[in-house]
Amino acid sequence: MRTALVGFLAGAASGVVMGFVSHICFRLRIFKSSLVVIDGSFFFRTLRLQGSSSLTYATGLFIHLVTSGIFGALYVVAAGFLGLDSLALPLVSLYVLLLWLSMLFIALPVSGEGILGTKSGPLAWLEQLILHIIFGVLYYLALKGFL
């Protein structure tokens, strides 16, 4: 049985990589948005503060690390509570699919990016799918102890 700490660490590590990939693709103009910038900007906008770009990046990365860790721990705890095998690839895949849909229909709209992230561009849903696939693969490998 995996513990919440293992889930948190696997989620945090996977989320940080996901955030870096998102930001690098944004800087290379492959993606129209960066999860790190979205998270950091939302934080400062919510508090009605002005953050420098460096502070926005650092805050966004920290927020993404913590939220990814929490979602990683939540999965392991929920699977254990339900008596499910947290290392079952179909179950991990289903969970990451739910995270992706939550991003498109809850997180992005709440952060001001619109449903499906349309304010970030017409293919934001695809960018998010790619990022969540990366997250899912890394998360699964981390849970299995390969990372």
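Coordinate-derived values only; no laboratory data. This is a predicted model, so every value here is computed, not measured. In this analysis, Cβ positions are derived from the backbone assuming ideal geometry, glycine residues included, and neighbour counts consider all displayed protein chains.
Would you please give the FRET efficiency between Leu94 and Phe20, computed as 1/(1 + (r/R0)^6) with r the Cβ-Cβ distance and R0 = 30 Å, to the nearest 0.05? Numbers along the way, then the final one.
Values: r = 25 Å, r/R0 = 0.84.
Step by step, r from the Cβ atoms, then E = 0.75.
Which is farthest toward the positive dipole end of the chain among Phe42, Gly83, Val110, measuring Cα position about the Cα centre, with Cβ charges +1 (Lys, Arg) and -1 (Asp, Glu)?
Phe42
Could you check the spin-label model distance between Ile30 and Ala58? Points 7 Å from the Cα along Cα→Cβ, value in nm.
Inter-label distance under the simple model: 2.7 nm.
If you plug each phi of the stretch 10-21 into the Karplus form 6.51 cos²θ - 1.76 cosθ + 1.60 with θ = phi - 60°, what whole-Hz ³J(HN,Hα) values come out, in order, with x for Gly and Pro?
5, x, 5, 4, 5, x, 5, 4, 4, x, 5, 4
Using the C-alpha atoms of the chain, what convex hull volume per residue, in cubic angstrom, is computed?
104
Taking R0 as 35 Å, what's the FRET efficiency between Arg45 and Phe81 from their Cβ-Cβ distance, rounded to 0.05?
0.50
Using the Cα centre as the reference, give the magnitude of the dipole from point charges on the C-beta atoms of the stretch 1-98 (Lys, Arg: +1; Asp, Glu: -1; all else neutral), rounded to the nearest 20 debye.
Here the stretch 1-98 has a charge dipole of around 380 debye.
Just to be sure I follow the definition: excluding the sites themselves, where is the longest run in the chain that has none of the trypsin sites (Lys or Arg not before Pro) in a DSSP loop with at most 13 other Cβ atoms within 10 Å?
49-147
When the helices in the chain are scored as -39500 (n - 2.57) per DSSP H run of 4 or longer and the sum is shared across all residues, what 222 nm value do you end up with, to the nearest 500 deg cm²/dmol? Don't skip to the end; give the middle numbers.
On the way: 5 runs with 100 residues, N = 147.
Here the helix-only value at 222 nm equals -23500 deg cm²/dmol.
Which whole-Hz ³J(HN,Hα) couplings does the stretch 103-111 yield from phi under the Karplus relation 6.51 cos²θ - 1.76 cosθ + 1.60, θ = phi - 60°, glycine and proline marked x?
Here the 3J(HN,Hα) series is 4, 5, 9, 10, 5, 5, x, 5, 7 Hz.
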